[in-house]
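> Mind having a look at this structure? Questions to follow.
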Amino acid sequence: MTGRTGGGDTEYAAAARHLADRLESLATAGADGSATWSGDDVDPDRSSGDRVVLTHGPLDDALHTGRAGVAVALAVCARLPGGRASWARLAGEVSRSTVRRALGDAPAPAALGWSGGWLGIARAATLVAGWTEDARLGAAATELARRAVGALAEDPERCPDYPDLLDGWAGHLTAVLAADLAPDLEPARRRAATALLDRLLPYADDRGAPDGPVSWPMAGTEQPVIGLAHGGSGITVALAAARAAGLPAPVPLDELTARTLRWEDGHFRADTGGWPDRRSPDDAPGLAWCHGAPGVGIAAAYRARAGSPDGTQRTYARAVATVQADGLPAGGGPFDGTLCHGLAGLVELHLAGVDAWPAAAPEHLASARLLARHLTRAGRSGPGWVCGVRGGRTPNLLTGLAGVAYTLARCHDPALAPSLAHPGLPALVAATG
C-alpha cells in the first residue's frame, strides 16, 4: 500500500510522475543486486579555482547525494494520483539496501550526518517505511538512527570540525534532535546533542563586542556567509532546535539567535537584490537554498515551527520578496531546476511557508505552484531546465532529478511529505505540532 493522496490530478503530480518514470528507467543493478544510479560530480582532486573537472560514477548511499534520496523521491511519487506500485517497490528495495549496508559498516563510519551520512539514510528509510507500510524497514531505520546517535553520544568528535548545517556541528545537532528513536534512547540523544551544541557555540564570532552582531565561519574558510547550508541562517536552525529541546547552554540561545540575525540583516540590501553571496568577489546576490534568500527564508520558517520568538515572518517575507523580484527564470535559455541552487529551492521556500503558517497556507501554496509552473511547462515551447553541477547531470536529491520530483510532489500536496531542505524538526516538537 502506498497511501495515495485523495483529490484530483494536477500538473505538478503529472510532472513528478514523469520524473519518477525517468528515475526508474535510469536504475541499474548494483553490487549487492539492488538498484543504483550514476551521475556527474565535481572531481576535487583535479579541479582548481578556475578549472572544474567532472567525474562520472555510481551514487553513494546518502540522502542528498545518493540512493537514499532517490528512493524517498520515488516513494513519494508512488503516493500521487496515478503513482506506480513499481516505484514504491523500487524505493523499498533501495532503502533496505542502504540501511543494510550502513548497519554492516561497524562500528561506525566517518559520515554520520543528515546530508551525507547515517542520520540522513535513516530519515529517508523511515519515510519510505511509513509510506509503504514496511515495518521491518522501519525497525532497521530506527536501529540505524540509534547507532548514529549512540556513536555521537560516545564520541562527538566523529562530527567534522566546522559549524555548518550541512553535516557540521549544527547539522549533526539538529539531526540528532530530529532522529526517530525509541523512548529509552532519550538520555543518549540529550547527551549527544548537548555535546554537539557545546562544540558549535565557540564558533560564534562577535568581533570582540559581547553584545554585537554574531557571524559564523563557513567550512574550510574564515569567511562568514549568508545562507542555509553553510551560513548563519543554518546555525539559527540548530539554535532553534536546541532551544525547543531545552538543551542547557552557557548563553541564552534566543539572544544568540537574535545577534546572528542582526549580522545577517546588516548585509541585506534591497536595492542590489537582497543578501549577497559572500563567496562572490563582486558581492552578487545569493538566490539559492545553500546561499542566499531561499535559505534565509526556509530557516525563518523552521524557527517559526520550532517556536522561536524572533521576527520570523518579517525575515520570511523579505526572503519571498527578494525571490519574487530577482529569482524568476529569464531569457530563452534553459534554467537550473535543482533544489540546491535552482528553481526547486525557490519553490521550497514557499512550501516552507505552507508548513510554518497554516492560516496562510493557501496563499503560500499558490505562490509555490506559480513558480513551479516554470518547471512543469518548460520544454513544451522552449529548451527546458537542467540539473547537476557545472554542466554535469545527476539523478540525486540535492542537485538532480530526484529533488525536482520530490518538490513537485510537495507542490501537488505539501502534506504528502516533509521538507528535506533541513534536518527535520526536533522529535518532541514534531510529535506535538
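> Kindly check whether there is at least one residue in the range 128-140 that is open to solvent by less than 20 Å² (accessible area, probe 1.4 Å), closer than 23 Å to T28 by Cα, out of contact with any Phe, Trp or Tyr (no Cβ under 7 Å at 6 or more places or on another chain) and hydroxyl-bearing (S, T, Y).
no
> Would you mind stating whether L80 is more than 30 Å from A153 (Cβ to Cβ), assigned to a loop (DSSP other than H, G, I, E, B) and open to solvent by less than 10 Å² (accessible area, probe 1.4 Å)?
So L80 fits the description; yes.
> Related question: Within the range 28-59, track down each residue that is modelled with pLDDT of 90 or more, small (G, A, S) and either out of contact with any Leu (no Cβ under 7 Å at 6 or more places or on another chain) or exposed (fewer than 10 other Cβ atoms within 10 Å of the Cβ) (or both).
Within the range 28-59, A29, S34, G57 qualify.
> Quick one: which helices (runs of 4 or more DSSP H) sit completely within the range 104-192 and have at least 3 residues that are touching a Gly at 6+ places or on another chain (Cβ under 9 Å) and in contact (Cβ under 8 Å) with a residue 40 or more places away in the chain? Steps first, please.
Numbers: elements: 118-132, 135-154, 169-178.
In the range 104-192, the matching helices (runs of 4 or more DSSP H) lie at 118-132, 169-178.
> Among the residues of the range 317-328, are any touching a residue at least 12 places away in the same chain (Cβ under 8 Å) and part of a loop (DSSP other than H, G, I, E, B)?
Within the range 317-328, one or more residues are touching a residue at least 12 places away in the same chain (Cβ under 8 Å) and part of a loop (DSSP other than H, G, I, E, B).
> Scan A301, A244 and give me the residue that is open to solvent by less than 20 Å² (accessible area, probe 1.4 Å) and under 21 Å from the mean Cα position of the chain (by Cα). Quick ask: steps written out before the conclusion?
Working: A244 fails: open to solvent by less than 20 Å² (accessible area, probe 1.4 Å).
Going through A301, A244 in turn, the sole match is A301.
> I would also like to ask the following. Is it fair to say R123 is surrounded by fewer than 22 Cβ atoms within 10 Å (Cβ to Cβ), basic (K, R) and either within 27 Å of L196 (Cβ to Cβ) or touching a strand residue (DSSP E or B) at 6+ places or on another chain (Cβ under 6 Å) (or both)?
no
> Could I ask something else about it? State all residues of the range 329-341 that are over 19 Å from the mean Cα position of the chain (by Cα) and surrounded by 14 or more Cβ atoms within 10 Å (Cβ to Cβ); if no residue qualifies, say none.
Scanning the range 329-341 gives P329, P334, F335.
> Here is a further query. Among the numbered criteria (1) modelled with pLDDT of 95 or more; (2) crowded, with 24+ Cβ neighbours inside 10 Å, which one does G227 miss?
(1)
The values are calculated or read from the model by the stated rules, or taken from the named source; none is laboratory data. Predicted model only: the values in this text are computed from it and were never measured. So basically every Cβ, Gly included, is an ideal-geometry build from the backbone, and we count neighbours across all protein chains shown. What goes into the accessible areas is simple: the full protein's heavy atoms, side chains included, and nothing from ligands, DNA or RNA. Shrake-Rupley method; radii C 1.70, N 1.55, O 1.52, S 1.80 Å.
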